[in-house]
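J.: Sharing a structure with you now.
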Amino acid sequence: MDAMVYNYHPASILIGQEKTKVNESQLAILKTQGKPVEFEAAESVDDGSGKKEARVLVLAGTPIGEKVARYGPFVMNTEDELRQAFKDMQTGHFGEIPGSFERMRKTDEANAKRKQAGKE
């Protein structure tokens, strides 16, 4: 199994037993061989609490060994499938995710509260 770890927090993170440092906006590609990988925030949060915080996006999976065609937001197996995906999107065949606008509103409100509290 392979994994990708993207650090989107200003503080660096440390990955694995080797404590490999990954800075903000960096992507690390890992060969996990099916074993767990440990993460650690490298620096304390700058609020005097001594707490450490990390924000990462982890993508992992077993390679499927198929052709990959990608363009924009779509990942398919062939260019024909990509063209069909764009056609479906442009003609409204993708539909809507129920509750997506409500979740987006709540996320925006929570982010605004965090910003007011000085946590962003």
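The values are calculated or read from the model by the stated rules, or taken from the named source; none is laboratory data. As the structure is a prediction and not an experimental result, all values here were calculated from the model. We place every Cβ from the backbone using ideal geometry, glycine too, and count neighbours over all the protein chains shown. Calculation scope for accessible area: heavy atoms of the full protein, side chains included, ligands and nucleic acids excluded. Shrake-Rupley method; radii C 1.70, N 1.55, O 1.52, S 1.80 Å.
J.: Given contacts defined as C-alpha pairs under 8 Å and at least six residues apart, what's the relative contact order of the chain, whole-number percent? Intermediate results must be reported in sequence, preceding the final value.
T.: Working: 153 pairs, mean separation 25.6, N = 120.
Dividing the mean separation by the residue count of the chain yields 21 percent.
J.: Mean residue ellipticity at 222 nm from the helices of the chain, using -39,500 (n - 2.57) per DSSP H segment of n ≥ 4 over the full residue count, to the nearest 500 deg cm²/dmol? Mind showing how you got there, number by number?
T.: Values: 2 runs with 29 residues, N = 120.
Counting only the DSSP helices, I get -8000 deg cm²/dmol.
J.: Return the subset of Lys35/Lys106; Lys31/Lys67; Lys52/Lys113; Lys51/Lys106; Lys51/Lys115 for which the Cα-Cα distance in this structure is over 30 Å, preserving the input order.
T.: Working: Lys35/Lys106 36 Å; Lys31/Lys67 21 Å; Lys52/Lys113 21 Å; Lys51/Lys106 27 Å; Lys51/Lys115 19 Å.
Flagged as over cut-off: Lys35/Lys106.
J.: Can you tell me the orientation of helix 79-90 relative to the chain, as the angle in degrees between its alpha-carbon axis and the longest Cα principal axis, to the nearest 10?
T.: It is inclined by approximately 80 degrees.
J.: While we're here: If you line up the Cα atoms of the chain on their principal axes, what length do they span on each, largest first, in Å?
T.: Principal extents (largest minus smallest coordinate, Cα): 54, 41, 19 Å.
J.: With charges only on Cβ, +1 for K and R and -1 for D and E, what is the dipole size of the chain about its Cα centre, in debye, rounded to 20?
T.: On the way: 18 positive and 19 negative charges, 42 e Å.
Roughly 200 debye, rounded to the nearest 20.
J.: Starting from the amide H of His9, placed 1.01 Å from N in the peptide plane, find each other amide H under 5 Å away whose residue is 5 or more places distant or on another chain.
T.: When sequence neighbours closer than 5 places are left aside, the close amide H contacts are Ser25, Arg55.
J.: Go through Phe94, Pro36, Gly72 and say which Cα lies farthest out towards the positive end of the charge dipole of the stretch 33-94; charges sit on Cβ, +1 for Lys and Arg, -1 for Asp and Glu.
T.: Working it through, the farthest residue towards the positive pole turns out to be Phe94.
J.: Let me ask you something else. What order do Tyr71, Tyr8 take when sorted by accessible area (1.4 Å probe), most exposed first?
T.: Details: Tyr71 150, Tyr8 120 Å².
Greatest to least solvent exposure: Tyr71, Tyr8.
J.: Taking Lys21 as the anchor, which aspartates and glutamates have their alpha carbon closer than 18 Å to its alpha carbon, excluding any fewer than eight residues away along the same chain?
T.: Glu38, Glu40, Glu43, Glu53
J.: Then there's this: Obtain the nm distance between the two label points defined at Asn77 and Ile29 by a simple spin-label model: each point lies 7 Å from its Cα along the Cα-to-C-beta direction.
T.: So the label points at Asn77 and Ile29 sit 2.4 nm apart.
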